[in-house]
Amino acid sequence: MSNKRAFITGISGQDGSYLTEFLLKKGYEVAGLIRRNAANETGNIEHLISEIKIYHGDLVSPESIAMALLDFKPDEIYNLASQSSPLASFKDVFGTMMITGIGAVQVFERVKQIVPKAKIYQASTSEMFGKPSQIPQNEETPFSPANPYSAAKELAHRMAIIYRNDKNKPMFISCGILFNHESPRRGLNFVTRKISAAVAVLKNNKKEGIPLNESGEPIVKDGKLTLGDLDAKRDWGYAPDYVEAMWMILQKDSPDDFVIATGEMHTVEEFAKEAFETVGLNWKEYVVVDDKFVPPVQTGPLLGDFAKAKKILGWEPKTKFPDLVKIMVHSDLAKFT
Ligand code: NAP
């Protein structure tokens, strides 16, 4: 068992919660940074709260990062905090830049000053490939971000490499270029979760307390689920598989970048078809499209080549696409009764 200390920003998010479970099982002492809200809700880590240490703070408050690092003195830092929605980033350009871009640099700089020997994992994203010049994408594929979110992520990614290569004070910062990964803990503003939740609402014939989408509307209205671009192509994996890769990346002796993906591409339509079929429904009878869910500049097709991660880390995805869809649908069937 490990006696290491891991500090996670964005601990209450999808990945932060799975990573916490994973590291606790490995014997880590885990702490995380969360933004305090009026209701004092802790998101996806409510069930873990007694086993971890919480620091209240914000990525745009460097002082709060510094205080946590000074007190906890972690060996490993996982910088997962982010405004993480590409579509939402068009509506909050500056907030996204400050949190997802500059916020990451704040973390790097505070780590450099306070715990310079600590290893940092930076959550980079396949969205940085934008409209990619090659399929599949690997660590050498040029970036061409197509939304404010991925532009901010590219800033953080480039800064990670600059800190890493500083010959006077090189830092251990590794970047995981993760392709989309989903789970029952995915936010309802993401298309996969919107689909699994809507399938559950429709199958369970739920009429009250229907979950809301990012526009504040019920995800199922008049018996229909509204989606954006059904032809959008993504490489979707299962989040618990991907947090294991984050940890593996930090166990290496030197920092590096790794693409983490399944190597399989599917359309939104295929996801919807698979999800509705899981409960014996025909997606065509329930799905309508609306351009408001299509980003003004489109990303993709995204398909990841994880050969480097397989060779150097020994990582490969465990969960196949149909199983991922079923996990999400079955979880939502039990949740939205
Ligand atoms: P998520 O569920 O949206 O979680 C994001 C976390 O960041 C939440 O805990 C959120 O806390 C926190 N956060 C947001 N703004 C913050 C701020 N100003 N200060 C401190 N914390 C803040 O995202 P995820 O899916 O777990 O993804 C984890 C990371 O990987 C993110 O950086 C994401 O961009 C990146 N990534 C994700 C994917 C994917 O497919 N999931 C793929 C590639 C990269 P609140 O609850 O307070 O909002």
Is there a residue in segment 219-226 that is open to solvent by less than 50 Å² (accessible area, probe 1.4 Å), in contact with a Leu (Cβ under 6 Å, 6 or more places away or on another chain), of a type in the set (Ser, Thr, Tyr) and touching a residue at least 60 places away in the same chain (Cβ under 8 Å)? no
Residue under evaluation residue 269, criteria (1) in contact with a Phe, Trp or Tyr (Cβ under 9 Å, 6 or more places away or on another chain); (2) within 30 Å of residue 216 (Cβ to Cβ); (3) assigned to a loop (DSSP other than H, G, I, E, B), criterion not met: (3)
Residue among 76, 51 that is buried (at least 17 other Cβ atoms within 10 Å of the Cβ) and not aliphatic (A, V, I, L, M): 76
Which pairs do you get when a residue that is β-branched (Val, Ile, Thr), found in segment 170-185, comes within reach of a residue that is near the ligand (Cβ under 7 Å from one of its atoms), reach meaning Cβ atoms under 9 angstrom, with the pair 6+ apart or on two chains? 177/124; 177/125; 177/126
The lone condition residue 130 fails out of (1) under 25 Å from residue 172 (Cβ atoms); (2) open to solvent by less than 10 Å² (accessible area, probe 1.4 Å); (3) within 15 Å of the ligand (Cβ to nearest atom) is (1)
Return the total of residues in segment 1-37 being farther than 16 Å from residue 240 by Cβ, within 12 Å of the ligand (Cβ to nearest atom) and free of Cβ contacts under 8 Å to residues at least 60 places away in the same chain. 7
Just wondering, is there one or more residues in segment 152-165 that are surrounded by 21 or more Cβ atoms within 10 Å (Cβ to Cβ), within 13 Å of the ligand (Cβ to nearest atom) and closer than 30 Å to residue 217 by Cβ? yes
Segment 55-67, residues that are open to solvent by less than 70 Å² (accessible area, probe 1.4 Å) and either outside the structural domain of residue 109 (by TED's automatic domain parsing) or more than 12 Å from the ligand (Cβ to nearest atom) (or both): 66
Output the residue which, of all residues in segment 70-117 that are among the polar types (S, T, N, Q) and out of contact with any helix residue (DSSP H, G or I) (no Cβ under 6 Å at 6 or more places or on another chain), is nearest to residue 8 (Cα to Cα). 84
Extreme residue, surrounded by the most Cβ atoms within 10 Å (Cβ to Cβ), among residues of segment 183-218 that are more than 16 Å from the ligand (Cβ to nearest atom) and within 13 Å of residue 276 (Cβ to Cβ): 198
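Would you check if there is a residue in segment 77-93 being closer than 23 Å to residue 171 by Cα and part of a helix (DSSP H, G or I)?
Residues of segment 77-93 closer than 23 Å to residue 171 by Cα: 77-82.
Checking the rest, the ones that are also part of a helix (DSSP H, G or I) come to none.
Among the residues of segment 77-93, not one is closer than 23 Å to residue 171 by Cα and part of a helix (DSSP H, G or I), which makes the answer no.
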Answer yes or no as to whether residue 98 is among the aliphatic types (A, V, I, L, M), within 10 Å of the ligand (Cβ to nearest atom) and either part of a strand (DSSP E or B) or open to solvent by 50 Å² or more (accessible area, probe 1.4 Å) (or both). yes
Breaking point among (1) in a helix (DSSP H, G or I); (2) over 15 Å from the mean Cα position of the chain (by Cα), for residue 240: (2)
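The values are calculated or read from the model by the stated rules, or taken from the named source; none is laboratory data. Note that the structure is a prediction, hence the values are computed from the model and not measured. Every residue, glycine as well, gets a Cβ built from its backbone with ideal geometry; the counts of neighbours run over all protein chains shown. Ligands, DNA and RNA are excluded from the accessible area calculation, which covers all protein heavy atoms including side chains. Shrake-Rupley method; radii C 1.70, N 1.55, O 1.52, S 1.80 Å.
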